[in-house]
Amino acid sequence: MQAMFLRAAALCALVTSGAAAMAQTRWPSGAKAAVVLTYDDALASQLDHVVPALDAARFKATFFLANVQQAQVNRWRKVAAGGHELANHTIFHPCSKASYPADPRYVSEAYTPASMLREIEQQNTLLQALDGKEHHGFATPCGQTLAGGTDYLEELRKANLVTYVRGVVDRPEDARANVALLDPMHVPARGFGEGATAEEMIAYVREAEQGGGWAVLLFHGVGGDYLAVPDAEHRKFVAWLAVHRGELWVTTLQGALDWAKAHP
Ligand SMILES: [Zn+2]
C-alpha cells in the first residue's frame, strides 16, 4: 500500500515538474517567443553596423560593455538614450590566462572574488554615468566565473550588484521554455561567431518559438573586429525579425526577464 502511495507520489511529482517545465512564458501581444540580441565587449563594429541596423528596424538590444574607449563614450551614451540596454562586462575583461594572450595583471588568476566584485561595482558607476540607471545586468567575461581559482557567482548574488548574469552556454530546449523559472544568475545564451549565417540564427529563433520560450543570441564583432559575423548576414537576420515582428518580441535581456517575472 505504502509502496503504491510512494509510486503515486513520485508520478505526481514527475507530472508536476513536467508541467512546470512545459509551461510557457506568456509574452506580450501574444508573441510566441522573445528574441534577445546581445553584443559583447563594446566593439566599434557594433556602433558602426549593429546600432544603425537595429535602430532602422526599431529593435532594442543589450550591449555588454568592457574596455570602453574614451573616444566612444558619447556614442555609447547615445545608444543608451536610444533605448538600448547597456550592461556590465567588467572593466578589464579578465579571463583565464589560457583563454587568449593578455596582460598578466588582468587575467582572472590575478583576481580574488573581492577584487572581481569591486571591478564590477566600478563598471556599474561608469554605466550609470552613461545611461543614468542605477541597476545593470552582467555577462561573465569568456563565460568564466573564477577569480583566483574561486567561483565568485554566489558572492556576486549576495552582494546584489547586478540584476542578472548572462553566460555563454546554451541550455537544452526544455529548460528554455519558461523564463520565469530561470535562475537570473544563470542566463543562457547561444554564441554566433566567425562566418555565422542568418539561416543559423533564424533556426535558433524557430526552435525557441516551438518551445514557447526565448532565444538569447550572443555576438561579438559584426562586419569587423573579432569573432565577426558578416554584416550582410546580421542585416538579413534583422530584416527577417522585422518581417516576423508580430509573432516574435525582440527586446532587451532586462526587458524579457522583467516581463517573465511579472507574468509567471
Ligand atoms: Zn566578452
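What pairs come out if I take residues in segment 58-74 that are over 10 Å from His89 (Cα atoms) and of a type in the set (Lys, Arg) and pair them with residues that are more than 16 Å from the ligand (Cβ to nearest atom) and in a loop (DSSP other than H, G, I, E, B) whose C-beta lies under 7 Å away, six or more apart or interchain? Going by the 7 Å Cβ cut-off, the qualifying pairs are Lys60/Gly83; Lys60/His84; Lys60/Thr252. Away from the ligand (no atom under 16 Å from the Cβ), crowded, with 18+ Cβ neighbours inside 10 Å and part of a loop (DSSP other than H, G, I, E, B) - does that describe any residue in segment 245-253? Yes: segment 245-253 contains one or more residues that are away from the ligand (no atom under 16 Å from the Cβ), crowded, with 18+ Cβ neighbours inside 10 Å and part of a loop (DSSP other than H, G, I, E, B). None of Arg166, Arg190 is touching a residue at least 60 places away in the same chain (Cβ under 8 Å) and within 16 Å of the ligand (Cβ to nearest atom) except Arg166. Against the condition buried (at least 19 other Cβ atoms within 10 Å of the Cβ), within 13 Å of the ligand (Cβ to nearest atom), over 18 Å from His186 (Cβ atoms) and of a type outside the set (Ser, Thr, Tyr), how does Phe63 come out, does it pass? So Phe63 fits the description; yes. Restricting attention to segment 99-111, the residues being in contact (Cβ under 8 Å) with a residue 12 or more places away in the chain and surrounded by 15 or more Cβ atoms within 10 Å (Cβ to Cβ) number 6.
Going by the conditions given, is Val238 in contact with a helix residue (DSSP H, G or I) (Cβ under 9 Å, 6 or more places away or on another chain), part of a strand (DSSP E or B) and of a type in the set (A, V, I, L, M)? Against the criterion (in contact with a helix residue (DSSP H, G or I) (Cβ under 9 Å, 6 or more places away or on another chain), part of a strand (DSSP E or B) and of a type in the set (A, V, I, L, M)), Val238 does not qualify. Candidates Tyr111, Tyr106, Tyr100: the one that is of a type in the set (Phe, Trp, Tyr), under 20 Å from Thr145 (Cβ atoms) and away from the ligand (no atom under 14 Å from the Cβ) is Tyr111. Selection over segment 171-204 of residues that are closer than 16 Å to Leu227 by Cβ and within 16 Å of the chain's Cα centre (by Cα) gives a count of 6.
In segment 195-217, the residues that are more than 19 Å from Ala139 (Cβ to Cβ) and part of a loop (DSSP other than H, G, I, E, B) reach residues that are among the acidic types (Asp, Glu) and modelled with pLDDT of 90 or more with C-beta atoms within less than 6 angstrom, at least six apart or across chains, in these pairs: Thr197/Glu233. State yes or no: is Ile91 within 14 Å of the ligand (Cβ to nearest atom) and in contact with a Phe, Trp or Tyr (Cβ under 7 Å, 6 or more places away or on another chain)? Taking the combined requirement at face value, the residue does not satisfy it. Residues in segment 75-84 that are within 25 Å of Pro94 (Cα to Cα) and among the basic types (Lys, Arg) were compared, and the one that is farthest from the ligand (Cβ to nearest atom) is Arg77. The residue pairs whose first member lies in segment 76-98 and is of a type in the set (Ser, Thr, Tyr), whose second member is more than 16 Å from the ligand (Cβ to nearest atom), and whose beta carbons are closer than 7 Å, counting only pairs six or more residues apart or on different chains, are Ser96/Glu109. For first residues located in segment 127-143 and without any contact (Cβ under 8 Å) to a residue 40 or more places away in the chain and in a loop (DSSP other than H, G, I, E, B), partners that are of a type in the set (Val, Ile, Thr) and away from the ligand (no atom under 15 Å from the Cβ) and lie 6+ apart or on another chain with Cβ distances below 7 Å form the pairs His135/Thr163. Ala139 - would you say it is of a type outside the set (Phe, Trp, Tyr) and buried (at least 19 other Cβ atoms within 10 Å of the Cβ)? Spelling it out, Ala139 is indeed of a type outside the set (Phe, Trp, Tyr) and buried (at least 19 other Cβ atoms within 10 Å of the Cβ).
The residue that is nearest to the chain's Cα centre (by Cα), counting only those in segment 22-59 that are assigned to a strand (DSSP E or B) and within 16 Å of the ligand (Cβ to nearest atom), is Thr38.
The values are calculated or read from the model by the stated rules, or taken from the named source; none is laboratory data. Source: prediction; values computed, not measured. In this analysis, Cβ positions are derived from the backbone assuming ideal geometry, glycine residues included, and neighbour counts consider all displayed protein chains.
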